[in-house]
1. For the stretch 152-250, what's the relative contact order in percent, using C-alpha pairs closer than 8 Å and at least 6 residues apart?
2. Helix by helix through the chain, keep the DSSP H runs that span 27 Å or more along the axis on Cα and average at least 0.0 on Kyte-Doolittle, and give those back in order.
3. Quick one: order VAL238, VAL28, VAL107, VAL147 by neighbouring beta-carbon count within 10 Å, fewest to most.
4. How much mean residue ellipticity at 222 nm does the chain get from its helices, if each DSSP H run of length 4 or more adds -39500 (n - 2.57) and you divide by all residues, to the nearest 500 deg cm²/dmol?
5. Rounded to the nearest 0.05, what FRET efficiency is calculated for GLU67 and PHE285 with R0 set to 22 Å and r the Cβ-Cβ distance?
6. Dividing the alpha-carbon radius of gyration of the stretch 106-255 by 2.2 N^0.38 Å (N being the number of residues), what value is obtained?
7. Write down the Å³ per residue value for the convex hull defined by the alpha carbon atoms of the stretch 158-339.
8. At a 10 angstrom cut-off on C-beta neighbours, averaged per residue, how do the peptides 208-221, 241-254, 167-180 rank from highest to lowest?
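Quick note: the coordinates plus some simple rules give every number you see, no bench work behind them. Computed from a predicted model, the values in this text were never measured in an experiment. Every residue, glycine among them, receives a Cβ derived from its backbone with ideal geometry; neighbour counts consider all protein chains shown.
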Amino acid sequence: MDRIAGYGTADNRTEARGAVTPRAALLVLGVLLLHLAFITSYLGALHDPEPDRVPIAVVAPDDVRGELIGRLDALPGGPLDPDHRAKDADDARRQVERRDIDGALIVDPGSAVDTLYVAGGGGSSLAQALTDVIREAEAAEQRTVTVEDVAPVGDHDSRGLSSFYLIVGWCLGGYLCAAALAVSAGVRPATVGRALRRLLLLGVYSLIAGLVGAVIAGPVLEALPGRVVALALLGALVVFATGALTFACQGLLGIVGIGVALLLVVVLGNPSAGGPYPYPLLPPFWQAIGPALIPGAGTWLARSIAYFDGRAVLGPLLVLALWAIAGTALTLLFAKLRGGSRSSLDELSFH
C-alpha cells in the first residue's frame, strides 16, 4: 500500500508540474504585475486631486492687475497660472468658451464683487476647484466672487462624467473586439490578407459601435447634448484606434500584446483621461501622458462636441488618428513579417 501511495504521490507531483508550465507561470506573473499597475495607476492619479497651475486670465485695471497676478501666482501649492492675457471681459469669456483657458477672473474696480467665468462642461470638478481657490483668495482681500458657468453641463450629465464613461465604453469595445478575434482565429494573423480582413471587420464594428453609442448617449438617455453624427464619428475613431492598437500589440508580442494594450488603454489611459478629474487636478505624470493616449484624447473631444461647439479639437483628433494609422500599419507589417505578403483573398472566412 505504501508503494501504491508513494506512486500516486509522485504521479500527482508530476501532474501538478505539468499543469503549471514555465510559460503559464510567466503569464500569471504578468497578470499580477498588470494588476498591481492598475491599482498603482488609479490610486496615484485619483487619490488626492489638487489644482496645479490651472490656466486663467485676469481682467483688471492696469494699476492693480500686476499685483493681483503676483498674489494669485504665489498661492501655496501653485494652484493657478494667472498670467494669460485677455483684452477685456468679453475676450476672457471667449477664451474660456474656446477652451484656451479654464477660467477668467473679472475684477470690478467700482465694487467689492468680482466675476469668475468657468466652464463646467470641461469637468465639474475642475470648475468647482477653481471656484474654491479664487473665493478663498478673494476673501483674504475682503472681496467676493460671483461665478458664471459659460459652458454648463447638461441636466442629465451628472458632474460632466458622461463623456468620459462613453469613451471608456468605446475603448472597451475596440479592445474586446480585437481580443475576441485573437481568441477565435489566432493571436497573430498568418498573412497580410488575413490581417487586412480583421481590420476591415474592426472598421465595420467601429462604425456600428460609434453610432449606437452616440444614440444611447444622446437621444435615448439624453446624457450628452451636441451633434449625434459628430459623436458617432468620434466613437468609430476611438473604437478603431483601440482595436488597431490591440492588433498591433498582438502581432508583435502574441498573447502578451493583449496585456500591453490593456496597460496603455485601461491602466494608464483611463485614470489620466481627465474624466473624474481634468488634467489640472492630476499629478504631473498623468497630466503629461493623458492627452497623448486614446481615452484622454477621446474624452476631450467628446466634451468639446457636447459643450463647446466642437472647438479645440485639432490636437486630440490628430492623436486618435495617429493611434489608428500606426496600429493599422504595424498590424499589416507584423503580418507581412510573419507570413509573407501572399494574398488570401480567395479564403471565404475571416481569420
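1. Taking the mean separation of contacting Cα pairs over the length of the stretch 152-250, I get 40 percent.
2. 22-46, 162-185, 192-215, 228-253, 314-339
3. Taking fewest neighbouring Cβ atoms as first place, the list is VAL28, VAL147, VAL107, VAL238.
4. My calculation for the chain gives -20000 deg cm²/dmol from helical runs alone.
5. Efficiency, rounded to the nearest 0.05: 0.05.
6. The stretch 106-255 yields a ratio of 1.53.
7. 100
8. 241-254, 167-180, 208-221
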